[in-house]
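Worksheet: the structure to be examined is printed underneath.
The values are calculated or read from the model by the stated rules, or taken from the named source; none is laboratory data. Quick caveat: nothing in here was measured; it's all calculated off a predicted structure. Using ideal geometry, Cβ is built from the backbone for each residue, glycine included, and neighbour counts are taken over all protein chains shown. Ligands, DNA and RNA are excluded from the accessible area calculation, which covers all protein heavy atoms including side chains. Shrake-Rupley method; radii C 1.70, N 1.55, O 1.52, S 1.80 Å.
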Amino acid sequence: MFRHILIPTDGSRLARKGIRAGVRLAAALGARVTGVYVMAPTPHVYNEAAVFYAGVSARDWRKSFERQANKALAVVGAEARAAKVPCATLIVHYRQPWKGILTAAHRRKCDAIAIASHGRGGLGGLILGSETQSVLARSRIPVLVAR
């Protein structure tokens, strides 16, 4: 059925539900997983002198986000190791996380995505927006949503 499952994470407790569901599915099917963390390419630049918000340099900003990404992706790796599922990880740079997720799935030739959702619908979903909803609406491959 599925041979390669993409598992997006933002490092949150909620994302762990998607990680567990994706790894369990992969283990049951004999598939492999790829964990992905999406981060913005750079903080907002105000001029060519690279003045960044709150006095943080682009280099420091990038290092901080890479630490966060590696910590979040380590959870995917640990869950996969425990289940004896082959796992790769990657960090992608996109302003819109949903777009980074779908691009990673396409480039890595994944045939499914396992992602967590708060389960908000209706007005709550409209007001808060949802990366999961955007992935669902635009994905050309199956998406498993864990709640």
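When restricted to residues that are open to solvent by less than 40 Å² (accessible area, probe 1.4 Å) and in a loop (DSSP other than H, G, I, E, B), the range 87-114 contains 1. Being open to solvent by 30 Å² or more (accessible area, probe 1.4 Å) and part of a strand (DSSP E or B) is the filter here; which residues of the range 18-37 pass it? Listed by number, the list holds a single entry, Arg32. Based on this model, can you work out whether Ala112 counts as within 23 Å of Arg24 (Cα to Cα), at pLDDT 95 or above and out of contact with any helix residue (DSSP H, G or I) (no Cβ under 8 Å at 6 or more places or on another chain)? When the stated conditions are applied, Ala112 does not pass them. Take the range 67-120 and flag every residue that is touching a Ser or Thr at 6+ places or on another chain (Cβ under 9 Å) and polar (S, T, N, Q). Answer for the range 67-120, where residues must be touching a Ser or Thr at 6+ places or on another chain (Cβ under 9 Å) and polar (S, T, N, Q): Asn70, Thr89, Gln96, Ser117.
When you look at Gly125, is it at pLDDT below 95, outside any loop (DSSP other than H, G, I, E, B) and either under 12 Å from Val36 (Cα atoms) or in contact with a helix residue (DSSP H, G or I) (Cβ under 7 Å, 6 or more places away or on another chain) (or both), yes or no? Spell out the reasoning first.
Numbers: at pLDDT below 95: yes; outside any loop (DSSP other than H, G, I, E, B): yes; either under 12 Å from Val36 (Cα atoms) or in contact with a helix residue (DSSP H, G or I) (Cβ under 7 Å, 6 or more places away or on another chain) (or both): yes.
Criteria met by Gly125.
If a residue has to be at pLDDT below 65 and surrounded by 12 or more Cβ atoms within 10 Å (Cβ to Cβ) to count, how many in the range 38-50 make the cut?
Restricting attention to the range 38-50, the residues satisfying the condition of being at pLDDT below 65 are 43-50.
Going one step further and asking which of them are surrounded by 12 or more Cβ atoms within 10 Å (Cβ to Cβ), we end up with 43, 45, 50.
Looking only at that region, the number is 3.
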